[in-house]
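Here's the structure, in structure tokens; my notes come after.
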Amino acid sequence: MSDPTFRQVRLGDALKRLRERAGLSQREAAFRLRYNYQKLSRIENGQLPEFPGLRAMLDLYGVLVTEEAPFIDMWERASEKGWWHPYGVEDQGYLSLEHDAIKVCEFSLGYIPGLLQVESYMRAVFLGWQIQHSRKWIENQIAIRTRRQQRLDDSSPLQYRGVIAEAALRQADREQLLHVSDRGLLPNVTVQVLPDAAGLHDGQNGPFTVLDFAYPGEMSVLYVEHPAGSTHVEDVERVKAAKLVFKHLSKLALTPDESAEWIGRLAAER
């Protein structure tokens, strides 16, 4: 079974909060719903309930009929298969996060960020990985990454801020550098270069991404990739700390205009 999507996890969280607001323990609620305890636990951790089960929970938790609409909407959206499903992607973690985000702040240390990559760069990255993948897997990954980039040009576009370390840009060719500059001209995209001259800084602990969402009361999420996979952090204080680090890196970096000039000079050398 694949991991629950971001929308499914959010629905589970919302149902858990309703249960707690109603003053019911998980075991008490499960008994009154005629569920076993494990089933309710799975639902609150992101397993999608059947629609009659959702209505039964809302009724038990004291949600009035006139107040049901937002939760039904959450259930309907959580029921949708992500656009990435036909590509056979198993780990939906970041894709489902980014799909629902309205703003992404990303610090990149070693690579050009995925939302700013050209196809030739993507291919070089995937072929350079230690673990070898099939041609079909690589083509699927390229198609997915290209599809993700469409959000920068949507009618309601994703707000994107990227701080890119100098080392990552110096490994890119002219086509890739010019593409980064071109994307930086979009009103919803901000690109900054963090030069080596900035010295030692918190960003050298590794790249990270912070995503913000439009849902009322929705907390931000910190996403960090590592050699063994990835980690999502929703703890308010830890996410706040990551946002402060990103703000500090933005101040250390060249301004967007200075960054565009710097990238342009580097591209001219290629």
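The values are calculated or read from the model by the stated rules, or taken from the named source; none is laboratory data. Since this is a predicted model, take the numbers as computed values, not measurements. We place every Cβ from the backbone using ideal geometry, glycine too, and count neighbours over all the protein chains shown.
Residues in segment 205-234 that are within 17 Å of Glu106 (Cβ to Cβ), surrounded by 13 or more Cβ atoms within 10 Å (Cβ to Cβ) and out of contact with any Gly (no Cβ under 9 Å at 6 or more places or on another chain): Phe208, Thr209, Val210, Leu211, Asp212, Phe213, Ser220, Val221, Leu222, Val233. When Ser25 is tested against the conditions (1) modelled with pLDDT under 90; (2) exposed (fewer than 13 other Cβ atoms within 10 Å of the Cβ); (3) hydroxyl-bearing (Ser, Thr, Tyr), the lone failure is (1).
The residues of segment 244-259 that are surrounded by 13 or more Cβ atoms within 10 Å (Cβ to Cβ) and either modelled with pLDDT under 95 or farther than 20 Å from Val180 by Cα (or both), listed by number, are Val245, His248. The single condition among (1) small (Gly, Ala, Ser); (2) surrounded by fewer than 16 Cβ atoms within 10 Å (Cβ to Cβ); (3) within 20 Å of Asp100 (Cα to Cα) that Gly62 does not satisfy is (3). Within segment 19-72, the residues that satisfy the criterion of being β-branched (Val, Ile, Thr), under 24 Å from Thr5 (Cβ atoms) and assigned to a helix (DSSP H, G or I) are Ile43, Ile72.
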